[in-house]
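Notes follow once the structure below has been shown.
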Amino acid sequence: MKQFLNDRLPLDGVMAHLRKPLPKHINLLFSLGSLAMFLLLLQAATGAFLALSYSPTPDHAYNAVNYINDEVPFGKFVRGLHHWGASAMVIIVFLHILRVVLYGSYKAPRELTWVVGVLLLLVTLGFGFTGYLLPWDEKAYWATVVGIEISSTAPVLGDVVAKIMRGGAEVGAVTLSRFYALHTIWLPWLAFGLVGLHLFLVRFYGSSGTPKNTPEDMKTGKPFYPDQVFEDVVGMLILFVILACAALFAPVPLEDVADPTNADYDPRPEWYFLFLFQLLKYFQGPFEILGTFVIPTVGMLLLLFLPFLDRSERKVLWKRPIAMTVTSVCVVAIVGLTILGATAPKLETQEETQPTDEAQQVTPPDTETTDINEGEDVFDFQLTEEEIENAKDVGEESE
Amino acid sequence: MSKEGRRSFLQIATACIGGLMSLAAGIPLIGFAISPAWKKGESQWVDVGTVDRLKNSRFKKVNYTFTAKDGWVKATKKRSVYVTDAGNGEWSVFSRTCSHLGCLVRWDESKESFLCPCHGAVFDKTGAVVAGPPPRPLQKLEVKVENGLLYVKEA
C-alpha cells in the first residue's frame, strides 16, 4: 500500500520536508499557532454537528438551542465545546500574535505571513460576533443591536454597512439568516483559505526562531516531525481536556428569549468585546466616533501594517523600546478595559410610579391573515370527482 | 503571427474572458448581498391605546406591537415608549431607544431622567443629553389623536 501511494504521490518529498530541522531554542510558545488551528478544526466539527439541529429563524432559533441543550444526546457537551472553544480561540490567537510581536517574527521576509495572520484575527472576531446572535436570547439580540449600531457610526458608509448587516431596518429574521450564513459558510471558507495561505508561508519561509538564535542555530534544532508535532499534539490534548471539562461542568449560558422591549436587561457583550464596550463610555457627544470608529480602525490598520512600519532588523525585545512600550500599553489597555467592563455595576433605577401599559390595540393590526369561516376546509388538497373529470376534459381538448 | 505574439494574445484573451465572467457574475451577486442598503423603510401609524386610558400619564411605559414586513415574513414587532400627557391635548412620546447605540433607556422617577444601562447615557425629561456618549437627544415620536386613540408614527 505504501509503495502504491509512493509511486503515485510525492510522499517521500513531503516527509523529507516535514523532517527538516527547526531553529534551536524553539519553546512551548511556538505551539500556539498549531493550537489555534486545532481550535479552528474543533469549532468547524462541533459547529457542523450543531447545525444538524439548529434553525436560523427568530421563531425557532431559541427553541432549537434549548432542544440541543436538553434533548439531543450529548447536545449540551457539543454546544459546550463550541462555546468554550470560541473563547479559547480568541485567547490562543491573541497569545500567538503577542508571541510574534515580542519575538519580532513579523519582520522581513515574513511580512505577508503576518498580514494573513492579522486577517485571521479579524475572521476569528467575526466568528465571535456572528456566532453569538444565533441562540437568539437577550444577550444575542442586544449585543448584536449595539454591534451593528457601532458600525453605523462610521463616516460616509456607516449607515449603508449597518443596513447590509441587518438586512433590513432592524435586527430580525433577515439578520439572523445573514449572520448564520456568514458564520457557517462565508467565514469558514475565508478562514480555511487564509489558514492554508498562512501555513504555506510559514513552511515556505521556515520558523523565525527566537531573537537569540544565531544564523548557525537556524537549521540545527529538532526536526518539525515528529519532535515538534508531538509537543503540539500534547498541547492539543491538554487544551481539549480543559474544554471538555468546561463543557461538562460549566453550563453554557442561555438567557431568556430575545425581547426588543425588555428594558430591564443590561446588555453586555461577550468578554472578548468588553474592552470595546468599556472604551465607548469615554467618548462623549461629537467625540463618540473616536471610540466607535477611529480608535478601533486605526488600531487594526497599525497592527496590519506593523511590519512595514517597524523595518528595523533588531529582534531582541530590550533593543526595541518603542515596540515594547506600545505592546505593553496595548495589552494593559485591553486587559484593563476588559476588567473594568466586566466589573461595571449594573444600572439601578427607581421603579416608575405607574405600571407599564401593555397596549390593547383597538385598530386591527396590519396583517394579511384572513378569517376562516366555520366548517371551511383550509388545506383541502383532495380533488373532487367533478374536478378530476374537468381536468381530464382539459387534457383531451389540448391533445 | 509569431509564437510570442500568439501567446501574448492568448494571455490577454484569457484575462478578458475571466474578467468578463467575473463582472457578469459579480455584479448581480454583490447587488444581491447589499440590496438592503437601498431598501426604504415604510412608516405607519400605530395606535398605542385610548386617550382615556393614557390620560394624565407621566412618562408612562407603554409596550405595544404592530405588524411589519421583515424580509419574507410579516412579523409582529414589539416596541416600548414613554408617554406623557402634557394637557391641552398635547402628548409627548419618547422612543426608549438610546440615540447612542440602540439600548433601551429607563425612566428614573427620583432623578427625573432617562438612564441608559449600556454606556451610562443620561437624558433629561425633555430628552436632551445630560451626560454620557450620545450625540443626539432621545427621539420624540410623531403623534396624533384620532377617534379617541393615540397613534405614534413607526418609521
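Coordinate-derived values only; no laboratory data. Please read these numbers as outputs of a predicted model, since none were measured by experiment. For neighbour counting, all protein chains shown are included, and Cβ atoms are generated from backbone atoms with ideal geometry for every residue, glycine included.
Table for the structure above
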{"item": "Cα-based Rg and Dmax for the protein assembly as shown, where Dmax is the largest Cα-Cα distance (Å)", "result": "29.6, 95"}
{"item": "Cysteines (scope chain B) whose Cβ has no counterpart Cys Cβ under 4.7 Å", "result": "B:16"}
{"item": "GluC sites (Glu not before Pro) restricted to segment A:266-346 and DSSP loop, no more than 11 other C-beta within 10 Å", "result": "A:313"}
{"item": "FRET efficiency estimate (nearest 0.05) - Cβ-Cβ, residue A:74 to residue A:249, R0 22 angstrom", "result": "0.90"}
{"item": "Label-point separation, residue A:240 to residue A:51 (7 Å along Cα→Cβ), nm", "result": "2.2 nm"}
{"item": "Two-decimal log10 I(q)/I(0) for segment A:24-343, as the Debye equation yields it once each C-alpha is a single scatterer, q = 0.08, 0.09, 0.10, 0.15 Å⁻¹", "result": "-0.41, -0.52, -0.64, -1.36"}
{"item": "Degrees, to the nearest 10: A:111-131 long Cα axis against longest axis of chain A", "result": "30 degrees"}
{"item": "Spin-label zone in segment B:26-61 - amide nitrogen under 11 Å from a point set 7 Å from the Cα of residue B:86 along the C-beta vector", "result": "none"}
{"item": "Too-long pairs where the Cα-Cα distance tops 23 Å, listed order kept, from A:281/B:69; A:163/B:74; A:346/B:153; B:55/B:153; A:76/B:77", "result": "A:281/B:69; A:346/B:153; A:76/B:77"}
{"item": "Fewest-first sequence of B:17, A:339 by Cβ atoms within 10 Å of each Cβ", "result": "B:17, A:339"}
{"item": "Cα-projected label distance for residue B:34 with residue A:310, points at 7 Å along beta-carbon direction, nm", "result": "3.5 nm"}
{"item": "Within-9-Å neighbourhood charge of residue A:25 [Cβ basis; K, R +1; D, E -1]", "result": "+1"}
{"item": "Ranked list, fewest to most other Cβ atoms within 10 Å of each Cβ, for B:38, A:271, A:114, B:107", "result": "B:38, A:271, A:114, B:107"}
{"item": "Neighbourhood charge, 15 Å Cβ-Cβ cut-off, centred on residue B:38 and excluding it, Lys, Arg +1 and Asp, Glu -1", "result": "+2"}
{"item": "Spherically averaged projected area in nm², based on the convex hull that wraps the Cα atoms of chain B", "result": "15.1 nm²"}
{"item": "Proxy reagent accessibility, fewest Cβ within 10 Å first, across A:59, A:227", "result": "A:59, A:227"}
{"item": "Helix axis angle, B:3-34 relative to chain B longest principal axis, alpha carbon, degrees", "result": "20 degrees"}
{"item": "Degrees between helix A:321-343 axis and first principal axis of chain A (Cα, 0 to 90, nearest 10)", "result": "30 degrees"}
{"item": "Residue B:131/residue A:87 FRET efficiency (R0 25 Å; Cβ-Cβ; nearest 0.05)", "result": "0.15"}
{"item": "Alpha-carbon centroids, segment A:1-37 and segment A:88-104: separation in whole Å", "result": "22 Å"}
{"item": "19 Å cut-off, amide nitrogen to a point 7 angstrom out along residue A:297 Cα→Cβ, residues in segment A:107-134", "result": "A:119, A:122-123, A:126"}
{"item": "Pairwise FRET efficiency - residue B:45 versus residue A:229, Cβ, R0 = 56 Å, nearest 0.05", "result": "0.25"}
{"item": "Extension gain from residue A:290 to residue A:63, taking 0.36 nm per residue of separation minus the Cα-Cα distance", "result": "77.8 nm"}
